[in-house]
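Below is one structure, written out as structure tokens; comments come after it.
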Amino acid sequence: DGVGLMTAADVSAYAHADDGGVEAFVTAGVDVRGWAARPGEGAAGVQDPGTINVVVAVPAALTDAALVNAVATATEAKVQALVEGGYDCSGTPTDAVCVVADAPGPHREAHAFAGPRSLWGARLARAVHRAVLQAVVIADRDGPAVRGQA
């Protein structure tokens, strides 16, 4: 029936973008950022605040596999936007991506793929990309303090 995210992000400062009916809502706190596969890191201690939350609404039915694919597509678009925005990172340690889609039904067949070259995946990627670019500007109006720091 719905989804909820617990976050320290200022959710009143969100960005929104849409593409062909796909809507992306993004909050971004980019004070703590890094690469996903950073050597020698674990979950020791409490992390400083910083998170990118992406919620995407797709007005089409997706199979379970396509939903997983949509999360990967959204994540790829997020990383592309971060790199293009001057952030040398793949995100923050606490990022969240949530994709909601219509339920399949007797007259609504579910799409089996949501990669960036599929109809709905391409729309999702463009919407997420634009929303992340906007969200990092909202969160960090002066740009990244030290680009490349992780």
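FYI, it's all coordinate maths here, none of it is from the lab. Given the structure is predicted, the values throughout are model-derived calculations rather than measurements. When we count neighbours, we look across all protein chains shown, and the Cβ atoms used for this are built from the backbone with ideal geometry, even at glycine.
Could you list, in sequence order, the residues of the stretch 104-122 that are of a type outside the set (Phe, Trp, Tyr) and over 18 Å from VAL79 (Cβ atoms)?
The answer is PRO104, GLY105, PRO106, HIS107, ARG108, GLU109, ALA110, HIS111, ALA112, SER118, LEU119.
If I filter the stretch 77-89 down to residues being in contact (Cβ under 8 Å) with a residue 24 or more places away in the chain and surrounded by fewer than 17 Cβ atoms within 10 Å (Cβ to Cβ), which single residue comes out as nearest to HIS111 (Cα to Cα)? I'd like the intermediate steps shown before the answer.
Looking only at the stretch 77-89, we keep the residues that are in contact (Cβ under 8 Å) with a residue 24 or more places away in the chain, and these are 77-78, 80-82, 84-89.
Pick out the ones that are also surrounded by fewer than 17 Cβ atoms within 10 Å (Cβ to Cβ) and you get 80, 84, 86, 88.
Values: GLN80: 25, GLU84: 30, GLY86: 34, ASP88: 34 Å.
In this case the residue turns out to be GLN80.
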